[in-house]
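Right, one structure below, let's go through it.
The values are calculated or read from the model by the stated rules, or taken from the named source; none is laboratory data. The structure presented is a predicted model; accordingly, all values stated were derived computationally and were not measured. Note that each Cβ is placed from the backbone with ideal geometry, even for glycine, and that neighbours are counted across all protein chains shown. Accessible surface areas use protein heavy atoms only, side chains included; no ligands, DNA or RNA. Shrake-Rupley method; radii C 1.70, N 1.55, O 1.52, S 1.80 Å.
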Amino acid sequence: MGIASGQPQPHSLVLWTRLTGDDLPPSVDVAWEMAEDEAFARVAARGMEPAVAADAHTVHAEPTGLQPDRWYWYRFTALGQRSASGRTRTAPAADAQVQRLELAMASCQRYDVGHYAAWRHAAAEPLDLVVFLGDYIYEYATGANAVRAHTGGLVRTLAAYRERYALYKSDPALQAAHAACPWLVIWDDHEVANDYAGLQGQTLQPDFAEQRAAAYQAYWEHMPLPKAMRPVDGQMRLYQRLDWGRLARFHLVDDRQYRDPQACPRPGRAGSNTVKAADCPDLADPRRTLLGAVQERWLAEGWSLHQRWNLLAQQTLMARCSWTDPARGATFWTDGWDGYAASRQRVLGAVADRRVSGVVVMGGDVHANYVADLKLDFSDEGAPVLATEFCGTSISSLGTPQDRLDRARGFNPHLHWARSDQRGYVRLSVTPADLQAALRVVADARDVDSPVSTAARYAVDPLRAGAVVA
Ligand code: FE
Ligand code: CA
């Protein structure tokens with residue numbers, strides 16, 4: 001089912017594959033090898049890993065003793081067959097003065113409504129990393145306007161989640177993107193179910209905890225994550241930090257597992273809503289949290305003054321986005337950070353208190369490209385900018401109508417760019433001197449061969465937050 005790698009550390013990483021086929025034995029020994037060259041003439045590490053039926057015959061191999069900051073090739077052999085080979089790399093040593101990091105950030109690859117031309121283009125770029133920010137699969141049955149089918153209907157069981165990953169991973173462009181470089185991954189809601197919050201499903205279904213446990217198991221099985229992250233009792237610790245020498249620290253967070261339920265849902269339901277702030281005092285309740293108290297503290301304590309950049313990989317738009325004029329009464333979508341404003345204040349407050357520089361927030365979820373200034377008071381145009389946000393558009397999932405965003409930009413002057421009508425990914429080029437972002441968009445995600453272009457370019461100075469047109 002393709003190959004993948006992830007979790008690059010200076011001396012280790014994770015290699016992934018899944019065996020397919022009927023009548024697989026309960027346990028299959030899978031040999032893996034890593035080489036310094038594409039022809040596998042200079043093998044650097046090899047080993048054997050069992051692929052067992054209880055984990056859907058997935059393999060999570062964890063080679064160690066690797067050299068920092070170097071490229072490797074890897075492949076698997078099992079039952080007399082050899083996989084394709086992939087390219088991966090380790091992170092630089094902890095104290096390395098790294099001159100450049102090239103990455104693509106992406107999210108929301110709903111399979112039935114679009115093709116993955118964006119992945120084909122991303123895979124052809126000279127990337128060190130892909131950072132995937134959630135909605136790797138969608139649990140839905142095939143929707144309206146489909147270009148290809150979601151087989152199997154609405155997903156709720158472990159078997160069905162595994163089938164859905166198998167479908168997505170059958171796409172050759174997605175396979176190519178995994179084979180090109182290591183990935184860092186976090187989930188959003190659709191790896192489980194739309195708009196879930198902690199152990200609460202959108203329709204308040206009584207068996208949701210069971211469904212979530214199945215979804216977390218399938219997620220771990222299909223991602224290049226280490227064995228230590230395997231879910232236990234329906235919980236999975238996904239949030240973590242990874243350093244890229246002295247250049248950058250990644251903070252990868254989980255805004256689904258520990259959040260409070262969304263404020264002011266529609267009657268008889270849970271999940272998101274769009275509400276007037278004046279009608280929903282819960283929006284401002286300081287006890288409510290998007291990350292959970294433990295993870296919030298973990299994030300506040302981990303901002304680095306040792307690295308040039310602090311890259312926060314999280315799920316959704318962090319900047320305030322009022323859908324009506326705040327002077328006459330703000331209107332917010334309750335599933336994102338606007339639904340947890342006190343939590344956002346605490347996160348950004350820690351950045352201000354600790355005088356952390358080079359904070360860039362990466363997001364997805366909303367199927368639109370946003371470039372934004374982050375500050376403690378969005379209603380004050382003169383408030384200091386504390387961090388820079390690039391919330392990237394979807395690979396294929398459909399966005400909200402563009403005229404809504406055009407109106408909202410007038411109410412939210414800290415949004416420099418807001419386009420929901422384009423699909424693609426964001427290319428980030430990170431150096432000690434600056435961070436460059438290119439919003440890469442495909443002409444038509446319904447076209448498997450769509451060309452790509454750059455819709456906009458921005459630059460960020462590590463010592464002065466805020467994006468400027470490049
Ligand atoms: Fe999505
Ligand atoms: Ca989402």
* Structure fact -> The percentage of the accessible area of the stretch 345-452 (probe 1.4 Å, all protein chains present) made up of carbon and sulfur atoms, to the nearest whole number, is 48
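So with the 1.4 Å probe, I'd like the accessible area per residue for the stretch 11-122, rounded to whole Å². List each step's numbers first, then the result.
Working: 4770 Å² over 112 residues.
Result: 43 Å² per residue.
Enter the accessible area per residue of the stretch 285-330 (Å², integer; probe 1.4 Å; all protein chains in place). Intermediate values should be presented prior to the final figure.
Values: 1860 Å² over 46 residues.
Normalised by residue count, the accessible surface of the stretch 285-330 is 40 Å².
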* Sticking with the crude label model, points 7 Å out along Cα→Cβ, report the distance from THR400 to ALA459 in nm, one decimal please. => 3.3
* About its Cα centre, what dipole magnitude does the chain give when the only charges are +1 on Lys and Arg Cβ and -1 on Asp and Glu Cβ, stated in debye to the nearest 20? -> 500
* FRET efficiency for ARG266 and ARG82, Cβ-Cβ distance as r, R0 = 35 Å, nearest 0.05? -> 0.10
* Between THR64 and ALA293, with labels modelled 7 Å along Cα→Cβ, what's the label distance in nm to one decimal, could you check? => 3.6
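Restricting to Cα pairs below 8 Å that are 6+ residues apart, what does the relative contact order work out to for the chain? Please round to a whole percent. Each step should come with its number before you reach the end.
Working: 1254 pairs, mean separation 69.5, N = 470.
The value is 15 percent.
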* Enumerate cysteines in the chain without a disulfide-compatible partner, where compatibility requires another Cys Cβ under 4.7 angstrom. => CYS108, CYS181, CYS321, CYS391
* Which loop-located GluC sites (Glu not before Pro) does the stretch 1-103 contain, where loop means any DSSP state but H, G, I, E or B and the Cβ has at most 11 other Cβ atoms within 10 Å? -> GLU38
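Averaged per residue, what accessible surface does the stretch 188-228 expose to a 1.4 Å probe, in Å²? Working shown, then result.
Details: 1240 Å² over 41 residues.
Accessible surface, normalised per residue, equals 30 Å².
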* Structure fact -> Largest first and rounded to whole Å, the semi-axes √(5λ) derived from the alpha carbon gyration tensor of the stretch 316-366 read 22, 14, 10
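Taking every DSSP beta bridge that has both residues in the chain, what percent is antiparallel when rounded to the nearest 5?
Details: 72 of 93 bridges.
Roughly 75 percent of the beta bridges in the chain run antiparallel, per DSSP.
Taking square-rooted eigenvalues a ≥ b ≥ c of the alpha carbon gyration tensor, is the stretch 1-141 rounded, prolate or oblate, where a/c under 1.5 means rounded and, failing that, a/b exceeding b/c means prolate? Spell out each step's value before the answer.
On the way: a/c = 1.91, a/b = 1.06, b/c = 1.80.
Taking the square roots of the gyration eigenvalues as a ≥ b ≥ c, the stretch 1-141 is oblate.
At a Förster radius of 51 Å, what calculated FRET efficiency corresponds to the Cβ-Cβ distance of VAL469 and ALA228, to the nearest 0.05? Show your work: numbers first, answer last.
Numbers: r = 43 Å, r/R0 = 0.84.
For R0 = 51 Å, the calculated efficiency reads 0.75.
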* the chain, helix-only ellipticity at 222 nm - DSSP H runs n ≥ 4, -39,500 (n - 2.57), divided by all residues, nearest 500 -> -5000 deg cm²/dmol
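Quantify, in whole percent, the carbon and sulfur part of the accessible surface of the stretch 28-167 (1.4 Å probe; protein heavy atoms only). Kindly include the intermediate steps, with their values, before the conclusion.
Details: 2770 of 5570 Å².
For the stretch 28-167, the apolar C and S fraction of the accessible surface comes to 50 percent.
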* **Projected label distance in nm at ARG100 and THR157, using a 7 Å step from Cα toward the beta-carbon** => 5.1
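Where nothing but the Cβ of Lys and Arg (+1) and of Asp and Glu (-1) is charged, how large is the charge dipole of the stretch 1-75 around its Cα centre, in debye to the nearest 20? Don't skip to the end; give the middle numbers.
Numbers: 5 positive and 11 negative charges, 33 e Å.
So the magnitude is around 160 debye.
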* Taking every DSSP beta bridge that has both residues in the stretch 30-186, what percent is antiparallel when rounded to the nearest 5? -> 70
* **Solution diffusion estimate, µm²/s, Stokes-Einstein, the chain, Kirkwood Rh from C-alpha pairs, 10 °C, viscosity 1.306 mPa s** => 71
* Asked: Which parts of the stretch 1-31 would a label at ARG241 reach, counting a residue when its backbone N lies under 16 Å from a point 7 Å out along Cα-to-Cβ?
  -> 9-10
* Under 11 Å, Cβ to Cβ, from ARG427 - net charge with Lys/Arg +1 and Asp/Glu -1 -> 0
* To do: May I ask which residue of MET236, PRO224, GLY292 lies farthest towards the positive end of the charge dipole of the stretch 214-295, with charges of +1 (Lys, Arg) and -1 (Asp, Glu) on Cβ and the Cα centre as origin?
  => PRO224
